[in-house]
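Beneath this line is the structure, given in structure tokens, with notes to follow.
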Amino acid sequence: MVFDAYRLPEEHEAIRAAAREVCDAEVAPRAAEADDTATFPQASYEALRAADLHAPHVPEEYGGAGIDALGTAIVIEEVARACASSSLIPAVNKLGSMPVLLAGSEELKRAYLPPVAAGEGMFSYCLSEPEAGSDAASLKTKAVRDGDAYVLNGAKRWITNAGDSKFYTVFAVTDPSARSRGISAFVVEKEDEGVSFGAPERKLGIKGSPTREVFFDNVRIPASRLIGNEGEGFKIAMKTLDHTRVTIAAQALGIAQGALDCAAAYVQERQQFGRAIAEFQGVQFMLADMAMKLAAARQLTYAAAAKSERNDDDLTFFGASAKCFASDVAMEVTTDAVQLLGGYGYTKDFPVERMMRDAKITQIYEGTNQVQRIVIARQVLANVGS
Ligand code: CAA
């Protein structure tokens, strides 16, 4: 059950209904297997592709569904309610392609957005490195201009959907003396000579979404694959995250909603002391807190999505706040769902233990929640009195 403070436009309710139908029928039944076997949920990808929900953000002029930021958040929320790993298909397609959308030349947009929209290839985002996680500006991967080309060398780490994606946005140093102003963004293709991948990480959650290292060994790409201008890469990376932290918030909402739905159904079935445990006030108070926090997280996330769509000046604050708040709520709600199911919740007979493991990453990726709080505090301090 969802309690909405504001009624969404009919168009967005229709997007939710369409996404839920596909996810209930095609994605949810495969979620446990993707988790158990740590394999990419290809059948879920195909179901999302058939419904045009695999990269809903791509504008119509590039062959996409042209769904706005709120609609895309709703799609991701619904997919995550069924299977968090699968929700990284639309989420990371947006993350990987957003730099091209925000700053790419028309040529780059025409070359790389239509195949993503058509489901011919996914798009990953390569910012983090073994020694550059929270301190994203301390990258070591280098791109050196050589005539009409750039030559890339280095290693990226924690790259979602690496190996399965066909396209990669790669942030690399073009001027080592300029720190964040010496970083540039490029599109690299999986098939480019010199690109290779590490073994899949063995993770706590989102096991159906491969996370691998990506290595660049003298990868020579045409200079036309530079996104924007040299030196603009860090700002492009940060602006991208302003928009896509909203999608992680949406993913967190979906995971939490899935856990709340499961727990609310269970407590009405489970009999102890001669009655359904839903009749006990202690259980009701837990459910109330879960639903209340989720409703607050949803409102903040949808407000951030509206700001993303309008590209408002305060998107940095709202994107970080929504991601931080919703992911903390997802961790609390999923943990409480496991508690409400007791011993059963701790087993793989129910999906809540998977949801609790999946929720954890939403507090970590696209910037840890500690980094979000740095971003939020900087915005507060920069806007005193305004
Ligand atoms: N929009 C535009 N420009 C921005 C910006 C924004 N949101 N944030 C910063 N900038 C600009 C600044 O204005 C500054 O520009 P000038 O040089 O012109 O002054 C420049 O970028 C450097 O900014 P800072 O001095 O604030 O940079 P910093 O080194 O202090 O870092 C940080 C700030 C917020 C900690 C940043 O490093 C950060 O966000 N770290 C976390 C990285 C992250 O989120 N990684 C996630 C990887 S992706 C992932 O997880 C994907 C996945 O698998 C799903």
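The values are calculated or read from the model by the stated rules, or taken from the named source; none is laboratory data. Keep in mind the model is a prediction, meaning the values are calculated, not measured. Methodologically, a virtual Cβ is constructed for each residue, glycine included, from the backbone with ideal geometry; neighbour enumeration extends over all protein chains shown.
Taking ARG298 as the residue in question, decide whether it is more than 24 Å from HIS57 (Cβ to Cβ) and either modelled with pLDDT of 95 or more or more than 28 Å from the chain's Cα centre (by Cα) (or both). Taking the combined requirement at face value, the residue does not satisfy it.
Let's see how each residue does on (1) crowded, with 23+ Cβ neighbours inside 10 Å; (2) of a type in the set (S, T, N, Q); (3) within 30 Å of TYR302 (Cα to Cα):
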residue	(1), (2), (3)
THR160	yes, yes, yes
PHE186	yes, no, no
LYS203	no, no, yes
ASP217	no, no, no
ALA249	yes, no, yes
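Residue pairs whose Cβ atoms lie under 6 Å apart, sitting 6 or more positions apart in sequence or on different chains, and linking a residue in the stretch 131-144 that is part of a loop (DSSP other than H, G, I, E, B) to a partner that is of a type in the set (Gly, Ala, Ser) and within 13 Å of the ligand (Cβ to nearest atom), are LEU139/ALA132.
Return yes when ALA288 is under 17 Å from the mean Cα position of the chain (by Cα) and on the phi < 0 side of the Ramachandran plot and no when it is not. Spelling it out, it is not the case that ALA288 is under 17 Å from the mean Cα position of the chain (by Cα) and on the phi < 0 side of the Ramachandran plot. Taking the criterion of being surrounded by fewer than 24 Cβ atoms within 10 Å (Cβ to Cβ), of a type in the set (Gly, Ala, Ser) and more than 13 Å from the ligand (Cβ to nearest atom), the only residue of the stretch 72-108 that qualifies is SER105. There is no residue in the stretch 130-143 that is under 20 Å from HIS54 (Cβ atoms), touching a helix residue (DSSP H, G or I) at 6+ places or on another chain (Cβ under 7 Å) and within 12 Å of the ligand (Cβ to nearest atom). Going by what's in this entry, would ALA149 be described as of a type in the set (A, V, I, L, M), away from the ligand (no atom under 11 Å from the Cβ), modelled with pLDDT of 95 or more and surrounded by 24 or more Cβ atoms within 10 Å (Cβ to Cβ)? Judged against the criteria, ALA149 is not a match. Taking the stretch 158-167 as the range and being touching a residue at least 60 places away in the same chain (Cβ under 8 Å) and either near the ligand (Cβ under 10 Å from one of its atoms) or under 15 Å from the mean Cα position of the chain (by Cα) (or both) as the test, the residues that pass are TRP158, THR160, ASN161, SER165. Here is a check on your reading of the model: is ALA172 within 15 Å of the ligand (Cβ to nearest atom), crowded, with 23+ Cβ neighbours inside 10 Å, among the small types (Gly, Ala, Ser) and assigned to a loop (DSSP other than H, G, I, E, B)? Against the criterion (within 15 Å of the ligand (Cβ to nearest atom), crowded, with 23+ Cβ neighbours inside 10 Å, among the small types (Gly, Ala, Ser) and assigned to a loop (DSSP other than H, G, I, E, B)), ALA172 does not qualify. Of the residues making up the stretch 345-373, those that are in a helix (DSSP H, G or I), surrounded by 14 or more Cβ atoms within 10 Å (Cβ to Cβ) and within 14 Å of the ligand (Cβ to nearest atom) are ASP358, LYS360, ILE361, THR362, ASN369, VAL371, GLN372, ARG373. Within 30 Å of ILE255 (Cα to Cα), away from the ligand (no atom under 15 Å from the Cβ), buried (at least 18 other Cβ atoms within 10 Å of the Cβ) and in contact (Cβ under 8 Å) with a residue 12 or more places away in the chain: is that true of CYS126 in this structure? For CYS126, the condition - within 30 Å of ILE255 (Cα to Cα), away from the ligand (no atom under 15 Å from the Cβ), buried (at least 18 other Cβ atoms within 10 Å of the Cβ) and in contact (Cβ under 8 Å) with a residue 12 or more places away in the chain - is not met. Being closer than 23 Å to ARG354 by Cα, of a type in the set (A, V, I, L, M, F, W, C) and within 16 Å of the ligand (Cβ to nearest atom) holds for only one residue in ALA249, ALA291, and it is ALA249.
Every residue, every condition in (1) in contact (Cβ under 8 Å) with a residue 12 or more places away in the chain; (2) surrounded by 24 or more Cβ atoms within 10 Å (Cβ to Cβ); (3) assigned to a helix (DSSP H, G or I), yes or no:
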residue: LEU260; (1), (2), (3): yes, yes, yes
residue: ALA263; (1), (2), (3): yes, yes, yes
residue: GLN268; (1), (2), (3): no, no, yes
residue: LEU287; (1), (2), (3): yes, no, yes
residue: ALA303; (1), (2), (3): yes, no, yes
residue: LYS307; (1), (2), (3): yes, no, yes
residue: GLY319; (1), (2), (3): yes, yes, yes
